[in-house]
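A.B. asks: Structure in structure tokens, see below.
The values are calculated or read from the model by the stated rules, or taken from the named source; none is laboratory data. All values reported here derive from a predicted model rather than from experimental measurement. Note that each Cβ is placed from the backbone with ideal geometry, even for glycine, and that neighbours are counted across all protein chains shown. Remember, those area values only see protein heavy atoms, side chains included, never the ligands or the DNA or RNA. Shrake-Rupley method; radii C 1.70, N 1.55, O 1.52, S 1.80 Å.
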Amino acid sequence: MTDTSSIGAPTAATETVDEFAQRARTWLAANMPTIDPRNPPENDRGAEAPWQRARELQRKLYEGGFAGICFPREYGGLGLPIEYQRAFDNEARNYEMPIILNTPTFTICAATLLDTGSEEQKRQRISAAIRGDEILVQLLSEPSGGSDLAGVITRADRVGDKWIINGAKTWSTSAFAADYGLMLARTDWEVPKHEGLTMFLVPIKSPGITMRRIKQVDGSDEFCEEFFDNLELGDDAVVGEVNGGWAVASRQMYHERRAVGGGSEFSSGIGAEGTSDLPVDYSALLAVAGDTERHREMAGRALVRRAVQEQLIDHVYHGVLDGSLPPAAGSIIRVSHAVTIQFEMDTALALAESAGVVDEDDGLFKYGERFLARQQASLGGGTNEIARNVIGERVLGFPREYAADRGVPFNQVKRNKS
């Protein structure tokens, strides 16, 4: 696949980073609600209200000229390098921002459309997202698919001048709040699995789509499942080429791994995207759990890992940008992010001890709740195992892992058909 890491390169800046930051500082103070970054608003990603609030805030950013900083101007952005986005983020850390729109709308879906979408799709969907009018999500995983994304069996059949979609998707993050979804479907069953896929841009509210919320073990219901029954789409819904969906999906996974790891230039604002993403405040935790030398040592190790992750993000981003690292190196920060998050959740629960599983007034029970979802970081953008395979094969140059279905027409591949 062609290296598209430079697609959509920003245009030259007309003001310095410092001038831009000063202008942002003045505008933020006059227009955006202030927050305490140590105690930000809790965004329950499974509720409707935070998404509506995010749309309102995004519209404010757009009207003020600070939305889509790294997206090209022709699609509604500012066309500036990442240094400008970081300068804005630094100025905005004390203000309420539409952070939940970062993933998957901007860092994954809009970024993928920027690289692979038609001119019309980019002008309409990316611009609408930057204006705060639309939310974009991914419709990829399937009930029978596991982590084998290329093994999808949702089918798209050509009937006249329409595509007719039948099948199901699951674990779709925030799909209930979305307007459009990037959906991977099979359009040719007689070729090897990677060659018979097509990506579609699907209006979520279309007739033929039934959506249900998924209740998780920690009580949240942000994830959704979708059922497609003779959903009709036109050719304008195709992203990329017919039967070229794997190239689009690969680019999408590239952006997702960078987004999950925290390395996307299309992310705007600093802070947690949801309640479950809030960084552990070890000072507050130790004040309740006990500020012993052993506890400080445990917290210190976790904070060191967090600091290393932040430096790794910067290193990998610039390495991919200057060509010293291949685009697949985004999987490095994806794996490191998952390992870091799990270490922090383990540390927080160890510090909270039994109070982390008893709902009392000391505030430690939340660490037990968050521990229930610690594995999420190891699944987004593909499992840790898949990310390590990507690193081994595409960064380090190891031989490809054996696959029994490689080169076999998909209709001849043995699979669970139940």
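A.B. asks: Among Phe228, Ala259, Gly240, pick out the residue whose Cα is farthest towards the positive end of the charge dipole of the stretch 210-288, where Lys and Arg carry +1 and Asp and Glu carry -1 on C-beta, about the Cα centre.
C.D. replies: Sorting the options by dipole projection puts first Ala259.
A.B. asks: Another question about this same structure. Which of the peptides 328-339, 24-35 is most tightly packed, and how do the rest follow, judged by the mean count of other Cβ atoms within 10 Å per residue?
C.D. replies: Working: 328-339: 24.1, 24-35: 14.6.
Per-residue Cβ counts within 10 Å, averaged per peptide and sorted highest first, yield 328-339, 24-35.
A.B. asks: Roughly what angle does helix 330-352 make with the longest principal axis of the chain, taking Cα atoms, 0 to 90 degrees, to the nearest 10?
C.D. replies: It is inclined by approximately 40 degrees.
A.B. asks: Please report the antiparallel percentage of the DSSP beta bridges confined to the chain, to the nearest 5. Walk me through the intermediate numbers first.
C.D. replies: Working: 29 of 34 bridges.
If I count the DSSP bridges inside the chain, around 85 percent turn out antiparallel.
A.B. asks: Report, in deg cm²/dmol and to the nearest 500, the calculated mean residue ellipticity at 222 nm for the chain, where each DSSP H run with n ≥ 4 adds -39500 (n - 2.57) and the sum is divided by the residue count. Spell out each step's value before the answer.
C.D. replies: Numbers: 11 runs with 145 residues, N = 418.
Calculated from helices alone, the mean residue ellipticity at 222 nm is -11000 deg cm²/dmol.
A.B. asks: Sticking with this one: Where the centre of each part is set by its Cα atoms, how far does the stretch 321-354 sit from the stretch 364-418, in angstrom?
C.D. replies: Distance between centres, Cα-based: 16 Å.
A.B. asks: Sorted by average packing, counted as other Cβ atoms within 10 angstrom per residue and highest first, what order do 244-254, 88-98, 150-160, 196-206 take? Each step should come with its number before you reach the end.
C.D. replies: Working: 244-254: 23.6, 88-98: 19.4, 150-160: 17.0, 196-206: 21.6.
Ranked from most to least packed, the peptides come out as 244-254, 196-206, 88-98, 150-160.
A.B. asks: Separate question: Output wanted: per-residue J couplings in Hz (rounded whole) for the stretch 117-122, from phi through Karplus 6.51 cos²θ - 1.76 cosθ + 1.60, θ = phi - 60°, x for Gly and Pro.
C.D. replies: x, 6, 4, 5, 4, 5
A.B. asks: Direction-averaged shadow area of the convex hull around the Cα atoms of the chain, nm²?
C.D. replies: On the way: hull surface 85.7 nm².
If you wrap the Cα atoms of the chain in a convex hull and average its projections, you get 21.4 nm².
A.B. asks: Quick check: at a probe of 1.4 Å, how many percent of the accessible area of the chain sits on carbon and sulfur atoms? Numbers along the way, then the final one.
C.D. replies: Values: 9890 of 19560 Å².
Of all accessible area on the chain, carbon and sulfur atoms account for 51 percent.
A.B. asks: Compute the Cα gyration tensor for the stretch 12-109, then decide on rounded, prolate or oblate, letting a ≥ b ≥ c be the square roots of its eigenvalues: rounded whenever a/c is under 1.5, prolate when a/b is larger than b/c in the other cases, and oblate in all that remain.
C.D. replies: Numbers: a/c = 2.00, a/b = 1.34, b/c = 1.49.
Oblate is the answer for the stretch 12-109, as a/c is 1.5 or above yet b/c matches or exceeds a/b.
A.B. asks: With a cap of 11 neighbouring Cβ atoms within 10 Å, and only residues DSSP puts in a loop, list the chymotrypsin sites (Phe, Trp or Tyr not before Pro) found in the stretch 366-418. Mind showing how you got there, number by number?
C.D. replies: Working: sites: Tyr367, Phe371, Tyr402, Phe410; in loops: Tyr402.
Listed in order of number, the matching sites are Tyr402.
A.B. asks: Okay, moving on. Under the classification rounded if a/c is under 1.5, otherwise prolate if a/b is larger than b/c and oblate if not, where does the stretch 285-418 fall, given a ≥ b ≥ c as square roots of the Cα gyration tensor eigenvalues?
C.D. replies: Values: a/c = 3.81, a/b = 1.66, b/c = 2.29.
Oblate, since a/c reaches 1.5 and b/c is not below a/b.
A.B. asks: Taking a probe of 1.4 angstrom, what is the accessible area of Lys60 in Å², to the nearest 10?
C.D. replies: Approximately 80 Å² of Lys60 is accessible to the 1.4 Å probe.
A.B. asks: Among all lysine pairs in the chain that are eight or more places apart or on different chains, how many have alpha carbons less than 24 angstrom apart?
C.D. replies: 14
A.B. asks: Now for a separate question. Pop out the ³J(HN,Hα) list for the stretch 156-165 in order, Karplus 6.51 cos²θ - 1.76 cosθ + 1.60 with θ = phi - 60°, rounded to Hz; leave Gly and Pro as x.
C.D. replies: 10, 9, 7, 10, x, 9, 10, 9, 10, 9
A.B. asks: A follow-up question, please. Can you tell me which of Leu182, Leu113, Leu231 moves the most in a GNM of the chain? Springs connect C-alpha atoms under 10 Å apart.
C.D. replies: Leu231
A.B. asks: Okay, moving on. When ligands, DNA and RNA are left out and all protein chains stay put, how many square angstrom of accessible area per residue does the chain have with a 1.4 Å probe? The partial results should precede the final answer.
C.D. replies: Working: 19560 Å² over 418 residues.
Normalised by residue count, the accessible surface of the chain is 47 Å².
A.B. asks: What whole-number distance in Å separates the alpha-carbon centres of the stretch 103-147 and the stretch 20-67?
C.D. replies: Taking the Cα centre of the stretch 20-67 as reference, the centre of the stretch 103-147 is 21 Å away.
A.B. asks: Now for a different question. Using DSSP to define loop residues, name the GluC sites (Glu not before Pro) in the stretch 165-249 whose beta-carbon has at most 15 other beta-carbon atoms within 10 Å. Display every interim value, and only then the final one.
C.D. replies: Numbers: sites: Glu190, Glu195, Glu222, Glu225, Glu226, Glu232, Glu241; in loops: Glu190, Glu222, Glu241.
Loop-located and lightly packed - Glu190, Glu241.
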